[in-house]
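Enquirer: I'd like to ask you about the structure that follows.
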Amino acid sequence: MVSRLPKIDADGEVGDLSEVDSAVFKPVSALPPSLQTKLRGRPKAIATKEPVKIRLDADVLMALRATGDGWQTRINDTLRASLQLAGKLG
């Protein structure tokens with residue numbers, strides 16, 4: 001007999017799914033539209049970002065990239081702090 005539920009061990013790991021009844025799984029298109037939008041893609045951010053092109057000096061760019069992953073986010077944070085100090089951003 002084929003199990004209808006996935007086999008989950010004590011650590012919460014899902015076991016071999018080849019023994020699970022395939023009727024348990026549904027395509028996203030079979031779900032209600034409100035749930036489909038929640039399950040597709042990356043979650044929408046509260047404040048979305050706009051892609052831009054910007055020219056930076058090579059040494060500035062190299063120094064920023066050398067700080068590791070998240071360097072673009074740090075650029076945004078640095079620009080925001082500078083604009084706030086100048087009183088141009090609330």
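The values are calculated or read from the model by the stated rules, or taken from the named source; none is laboratory data. Values in this document were obtained by computation on a predicted structure and should not be read as measured data. In this analysis, Cβ positions are derived from the backbone assuming ideal geometry, glycine residues included, and neighbour counts consider all displayed protein chains.
Enquirer: In this structure, is Thr37 modelled with pLDDT under 90, part of a loop (DSSP other than H, G, I, E, B), of a type in the set (Val, Ile, Thr) and within 26 Å of the chain's Cα centre (by Cα)? Full working, then the answer.
Expert: On the way: modelled with pLDDT under 90: yes; part of a loop (DSSP other than H, G, I, E, B): no; of a type in the set (Val, Ile, Thr): yes; within 26 Å of the chain's Cα centre (by Cα): yes.
When the stated conditions are applied, Thr37 does not pass them.
Enquirer: Has the range 8-29 got at least one residue that is modelled with pLDDT of 85 or more and in contact with a Lys or Arg (Cβ under 8 Å, 6 or more places away or on another chain)?
Expert: No; the residues of the range 8-29 include none that is modelled with pLDDT of 85 or more and in contact with a Lys or Arg (Cβ under 8 Å, 6 or more places away or on another chain).
Enquirer: Those residues that are within 30 Å of Asn76 (Cβ to Cβ), touching a Leu at 6+ places or on another chain (Cβ under 8 Å) and either surrounded by 10 or more Cβ atoms within 10 Å (Cβ to Cβ) or polar (S, T, N, Q) (or both), I need them from the range 3-55; list them, please.
Expert: none
Enquirer: Oh, and also: Determine which member of the set Ser29, Ser82 is in contact with a helix residue (DSSP H, G or I) (Cβ under 8 Å, 6 or more places away or on another chain), on the phi < 0 side of the Ramachandran plot, free of Cβ contacts under 8 Å to residues at least 12 places away in the same chain and not charged (D, E, K, R). Show your work before the answer.
Expert: Values: Ser82 fails: in contact with a helix residue (DSSP H, G or I) (Cβ under 8 Å, 6 or more places away or on another chain).
The conditions single out Ser29.
Enquirer: For the range 56-90, how many residues meet the condition of being assigned to a helix (DSSP H, G or I) and either touching a strand residue (DSSP E or B) at 6+ places or on another chain (Cβ under 7 Å) or surrounded by 10 or more Cβ atoms within 10 Å (Cβ to Cβ) (or both)?
Expert: Going residue by residue through the range 56-90, those that are assigned to a helix (DSSP H, G or I) are 58-65, 71-85.
With either touching a strand residue (DSSP E or B) at 6+ places or on another chain (Cβ under 7 Å) or surrounded by 10 or more Cβ atoms within 10 Å (Cβ to Cβ) (or both) added as a condition, the list becomes 60-65, 71-84.
Residues meeting the conditions: 20.
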